[in-house]
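The next block holds one structure in the form of structure tokens; read it before the comments.
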Amino acid sequence: MNIVLGVSGGIAAYKAVSLARLFVESGHELHVVPTADALRFVGLPTWEAISRNPVTTSVHDNVPEVRHVGLGQRADLIVIAPATANTLAKMTAGLADDLLGTTLLASTAPVLVAPAMHTEMWQHAATQHNVQTLRNRGVHFVGPDIGRLTGNDSGPGRMSEPETIFAAANSLLDSLPSQQETLDHPTADLAGLRVLVSAGGTREPLDPVRFLGNRSSGKQGVAIAAAAAARGAEVTLVAANIDDSILATAGTIRVLPVGTTADLDKAMRAESAQADVVIMAAAVADYRAAEIADGKIRKEETNDSTLTLTLVENPDVLRGLVSARKPGQLIVGFAAETVQNDDELLERGRRKLARKGCDLLALNAVGWGEGFESDHNELLILGSDGAVLQAARGSKTQTAHALLNAISTTRAGRVS
Ligand code: CTP
């Protein structure tokens, strides 16, 4: 599971190191988000070494990864230990002036809080009021215990022991529906929507037996079509050269088979007139043969050991759909890029987004060994302004649902 451990500035921060270790040793992916004050008690290298992940307090670091919301969006659970009176007050007010604040606001994951402060501060009406407000919002609390505090004081306010917080976190995680349950029983949040998806790869004939094509299997597009149907949408899948065994995984949806880019263009133009959402997941052949040979191209008819093909450019289907977009229609493009690193991926994606003019762009890295034919995928989903709305990783069904979530959120943003 993906756990975010928020650490605020109290002496009990040193005990949160043991808690972090318990999470990591039990196999969880841990991201520690300390406040600036917490780093005065336990330094950054300690958190990085224990969590095995980079650690920062600021919303201005790792901006291309959109870390200020990404950590919260991906979290399965957020634990705040220790939570000072100040942090409880900031959580209650929804302040977002540091990475912990933005992470909390960007997350729908359950939150477990382990308060730690002096007795007077814990019992103060302001703190008790904040605790009650947070409880009413569904935030879970563990502790504080009664015991030894900083200096010679003792009383209620001592942070629960790391093992106790760990046990409370595990029982919260156990009560979450599993990812598989969520995938098996999705909500019908797309009911009433007409979704048009293209998938697979177009092929351009060279002669009666040969074609120019690409390695797209259609798995990601078919998974999107199936996930949209499972969420109540009325789905049409324009399938370019997809194997029957893969198409079968989509269940009973309307499928229109196509071969070439021209076929795909025609089908998408006709169908998009009725669609609320159009998703261009197909890998489109950009060029076709200037002339298709009537008979098989034979070696004996060529003069030397080379063969020159003249290719002409195909229409850009996505750009055509964008320029014919009807009011309220949401259009999603895909971009598969061969790149060296994430920065280059984002830069290329943003340029493509601007060129295509679509509302969302699902971006992934491909290469000789990644992206195609596999059952797993990694997508960065960009909004129309180029911001990363979501970073999704997992089975193609999981990334399909992540894309549909981004579509739902974008549509909701337009309405409200
Ligand atoms: N696309 C399209 N028509 C084309 C080429 C691409 O509709 N002739 C769509 C794809 O379905 C995808 C998006 O445009 O949604 C990006 O496709 P991609 O192949 O990554 O981009 P290209 O425009 O072909 O640019 P390049 O190959 O130069 O990266």
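The values are calculated or read from the model by the stated rules, or taken from the named source; none is laboratory data. Everything numeric here is computed off the predicted structure, so don't read it as measured data. Note: ideal-geometry Cβ built from the backbone for every residue, glycine included; neighbour counts use all protein chains shown. Note: accessible area is taken over every heavy atom of the protein model, side chains too, but ligands, DNA and RNA are not part of it. Shrake-Rupley method; radii C 1.70, N 1.55, O 1.52, S 1.80 Å.
List of remarks:
- Pairs from the list LYS299/LYS352; LYS219/LYS352; LYS266/LYS356; LYS15/LYS396; LYS356/LYS396 with a Cα-Cα gap above 30 Å: LYS299/LYS352; LYS15/LYS396.
- Computed from Cα positions, the angle between helix 162-175 and the longest principal axis of the chain comes to roughly 40 degrees.
- The range 273-328-the range 15-53 distance, computed between alpha-carbon centres (Å): 52
- Ligands, DNA and RNA aside, ARG254 has an accessible area near 110 Å² when probed at 1.4 Å.
- Mean residue ellipticity, 222 nm, helices only, the chain: the sum of -39500 (n - 2.57) across DSSP H runs of n ≥ 4, divided by residue count and rounded to 500, is -11000 deg cm²/dmol.
- Per residue, the accessible area of the range 183-415 comes to 51 Å², computed with a 1.4 Å probe over protein heavy atoms only.
- Projected label points at ASP97 and ASP153, each 7 Å from Cα along the beta carbon direction, are separated by 2.3 nanometres.
- Helix 13-25 vs. the chain, principal-axis angle (Cα, 0 to 90°, nearest 10): 40
- For ASP243, ASP294, ASP189, the ranking by accessible surface with the largest value first comes to ASP294, ASP243, ASP189, using a 1.4 Å probe.
- Considering only the chain, percent of DSSP beta bridges that pair antiparallel, nearest 5: 35
- Placing +1 on each Lys and Arg Cβ and -1 on each Asp and Glu Cβ, with no other charges, gives the range 222-340 a dipole about its Cα centre of roughly 460 debye.
- Surface composition of the chain: carbon and sulfur make up 50 percent of the accessible area, probe 1.4 Å.
- Accessible surface ranking that places the most exposed of THR310, THR252 first, with a 1.4 angstrom probe: THR252, THR310
- For the chain, a Gaussian network of Cα nodes joined below 10 Å ranks GLU29, GLU301, GLU271 by mean-square fluctuation, and the top entry is GLU301.
- Within a straight-line Cα-Cα reach of under 14 Å, LYS326 can be paired with the following aspartates and glutamates, leaving aside sequence neighbours fewer than 8 residues apart in one chain: GLU271, ASP276, ASP359.
- GNM top mover of THR399, THR308, THR260 - the chain, alpha-carbon springs below 10 Å: THR308
- Each of LYS356, LYS396 has its accessible area taken with a 1.4 Å probe; listed largest first, they run LYS356, LYS396.
- Residues of the range 69-109 with amide N under 18 Å of the 7 Å Cα→Cβ point at ASP189: 69-77, 105-109
- Rg over Rh [alpha-carbon atoms, Kirkwood Rh] for the chain: 1.09
- Comparing THR338, PHE211, VAL131 along the charge dipole axis of the chain, the residue lying farthest to the positive side is VAL131, per the Cβ-charge model.
- Taking the Cα centre of the chain as origin and assigning +1 to Lys and Arg Cβ atoms and -1 to Asp and Glu Cβ atoms, the resulting dipole is close to 820 debye.
- Accessible area expressed per residue, the range 2-176, with surrounding protein chains retained (probe 1.4 Å, Å²): 45
- Stokes-Einstein diffusion coefficient of the range 183-415, Kirkwood radius over Cα pairs, 20 °C, 1.002 mPa s, in µm²/s: 117
- Rounded to the nearest 10 Å², the accessible area of TYR287 at probe 1.4 Å: 110
- Taking all protein chains together and rolling a 1.4 Å probe, ASP375 ends up with roughly 90 Å² accessible.
- Across the chain, Cα pairs under 8 Å and at least six residues apart give a relative contact order of 11 percent.
- When the chain is treated as a Gaussian network with alpha carbon springs shorter than 10 Å, the biggest mean-square fluctuation among LEU100, LEU71, LEU311 belongs to LEU311.
- Listed peptides 274-280, 125-131, 385-391 by packing density, highest first (mean Cβ within 10 Å): 274-280, 385-391, 125-131
- Bridge type composition, the range 183-415 - antiparallel percent by DSSP, nearest 5: 40
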